[in-house]
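Novice: Attaching a single structure in structure tokens format; questions to follow.
The values are calculated or read from the model by the stated rules, or taken from the named source; none is laboratory data. The model shown is predicted, which means the values in this text are computed figures rather than measured ones. Backbone-built Cβ (ideal geometry, glycine too); neighbour counts: all protein chains shown. Note: accessible area is taken over every heavy atom of the protein model, side chains too, but ligands, DNA and RNA are not part of it. Shrake-Rupley method; radii C 1.70, N 1.55, O 1.52, S 1.80 Å.
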Amino acid sequence: DTINIWKIEEKFLRPILRLADLDSTAYRQPASGKIKLFYCTVEQGDLRGTGAGKYIDWAERQETGAKKQSGARMTWREALEKQGGAYWWRPKAALKPTKIALRKAIDVLHAPFIFSAPVNVDQRLYAVKPKESVDEGLSTAYLCSSLFALALEVNADLGLGAGVLTLGVRSLIDLPCPDLGKSLEPKALAALAKALEALLETAPPSALEVRTGSAMRQLDIELMAILGFSDLKVND
């Protein structure tokens with residue numbers, strides 16, 4: 001409605017997916033949603049006569065809700081100027097399109113959200129991008145595996161917040177990870193890709209259940225073989 005009222009130009013908009021747009025009962029997620037982010041980086045003088053300029057003029061006079069701590073109200077401009085930047089309406093952070101997103105708050109599901117094309121996600125999700133030296137399928141398989149869930153549970157600083165475990169960005173960056181950048185045999189990688197494809201067709205498992213012979217178990221077997229975990233057994 002806001003876009004239509006002010007006739008905001010498409011070049012000043014970016015599609016964004018919120019956590020509410022995603023299906024927690026599936027791995028694969030839609031690559032588009034209903035919400036668009038106002039993303040204007042041009043100079044103020046170049047906005048004359050645009051819908052974006054009219055929207056900015058209106059927005060700077062709007063007030064925020066009362067703060068719990070201080071009770072003070074302020075305009076949108078005052079609130080956003082406190083976050084820095086030459087122009088108050090400009091984005092405070094760069095968008096980082098991703099095909100893999102992780103929850104910042106974890107209940108009984110550790111599974112990542114997988115997208116067919118790069119998307120922008122809201123601040124309740126982490127955007128994860130493999131290094132160029134790492135095969136995208138291998139990194140996706142690792143993040144979907146029991147090995148990654150176990151690494152989170154054992155090593156990450158998971159603090160309690162809002163009734164769920166919250167994962168800090170530093171904890172995610174510092175999380176121990178097997179070497180996913182080593183050279184791989186095409187045959188082994190093909191077997192892993194097949195196991196990943198089968199897993200993505202299923203519902204993500206709960207951390208409270210173990211399903212012997214499941215698609216995740218098969219993925220774990222193929223992944224452990226590739227990573228050279230010959231001294232470990234998947235059942236263990």
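Every residue, every condition in (1) in contact (Cβ under 8 Å) with a residue 12 or more places away in the chain; (2) touching a helix residue (DSSP H, G or I) at 6+ places or on another chain (Cβ under 8 Å), yes or no:
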position	(1), (2)
Asp179	yes, yes
Ser183	no, no
Lys187	no, no
Ala190	no, no
Leu199	yes, yes
Ser206	yes, no
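Novice: Another question about this same structure. Pick out the one residue from Glu153, Glu132, Glu209 that is out of contact with any Cys (no Cβ under 8 Å at 6 or more places or on another chain), assigned to a loop (DSSP other than H, G, I, E, B) and farther than 18 Å from Ile100 by Cα. Working first, answer last.
Specialist: Details: Glu153 fails: assigned to a loop (DSSP other than H, G, I, E, B); Glu132 fails: farther than 18 Å from Ile100 by Cα.
That would be Glu209, the only listed residue that is out of contact with any Cys (no Cβ under 8 Å at 6 or more places or on another chain), assigned to a loop (DSSP other than H, G, I, E, B) and farther than 18 Å from Ile100 by Cα.
Novice: Could you check region 182-205 and list, in sequence order, the residues that are under 26 Å from the mean Cα position of the chain (by Cα) and either assigned to a loop (DSSP other than H, G, I, E, B) or among the charged types (D, E, K, R) (or both)?
Specialist: Lys182, Lys194, Glu197, Glu201, Thr202, Ala203, Pro204, Pro205
Novice: Something else now. Residues that are over 14 Å from Thr140 (Cβ atoms), over 26 Å from the mean Cα position of the chain (by Cα) and surrounded by fewer than 11 Cβ atoms within 10 Å (Cβ to Cβ): does region 207-222 have at least one?
Specialist: For region 207-222, residues over 14 Å from Thr140 (Cβ atoms), over 26 Å from the mean Cα position of the chain (by Cα) and surrounded by fewer than 11 Cβ atoms within 10 Å (Cβ to Cβ): present.
Novice: Hey, Gly159 hits all of (1) open to solvent by less than 30 Å² (accessible area, probe 1.4 Å); (2) modelled with pLDDT of 90 or more; (3) outside any helix (DSSP H, G or I); (4) not hydrophobic (A, V, I, L, M, F, W, C) but one; which does it fall short on?
Specialist: Tallying (1) open to solvent by less than 30 Å² (accessible area, probe 1.4 Å); (2) modelled with pLDDT of 90 or more; (3) outside any helix (DSSP H, G or I); (4) not hydrophobic (A, V, I, L, M, F, W, C), Gly159 fails exactly one: (2).
Novice: Under the condition of being open to solvent by less than 90 Å² (accessible area, probe 1.4 Å) and more than 19 Å from Ser116 (Cβ to Cβ), which residue from region 1-34 is farthest from the chain's Cα centre (by Cα)?
Specialist: Only one residue fits best here, namely Trp6.
Novice: Give me the pairs: first residue in region 84-101 and in contact (Cβ under 8 Å) with a residue 12 or more places away in the chain, second residue in a loop (DSSP other than H, G, I, E, B), beta-carbon distance under 6 Å, and six or more apart or on different chains, which are they?
Specialist: Arg90/Thr41; Pro91/Tyr39; Lys92/Gln83; Leu95/Asn120; Pro97/Asn120; Thr98/Lys129; Ile100/Pro112
Novice: Does Lys54 satisfy the condition of being surrounded by 15 or more Cβ atoms within 10 Å (Cβ to Cβ) and at pLDDT 95 or above?
Specialist: So Lys54 fits the description; yes.
Novice: Could you look through region 169-206, keep only residues that are open to solvent by 30 Å² or more (accessible area, probe 1.4 Å) and among the small types (Gly, Ala, Ser), and pick out the one that is farthest from Glu222 (Cα to Cα)?
Specialist: Result: Ala203.
Novice: Is it the case, given these coordinates, that Gly49 is on the phi > 0 side of the Ramachandran plot and either without any contact (Cβ under 8 Å) to a residue 12 or more places away in the chain or surrounded by 11 or more Cβ atoms within 10 Å (Cβ to Cβ) (or both)?
Specialist: When the stated conditions are applied, Gly49 passes them.
Novice: Also, quick follow-up: Out of Ser139, Ser145, Ser133, I need the residue that is among the small types (Gly, Ala, Ser) and in contact with a Pro (Cβ under 8 Å, 6 or more places away or on another chain). Which one?
Specialist: After ruling out the rest, the residue left standing is Ser139.
Novice: Would it be correct to say that Thr166 is open to solvent by less than 20 Å² (accessible area, probe 1.4 Å), in contact with a strand residue (DSSP E or B) (Cβ under 7 Å, 6 or more places away or on another chain) and either in a loop (DSSP other than H, G, I, E, B) or of a type outside the set (Asp, Glu) (or both)?
Specialist: So Thr166 fails the test.
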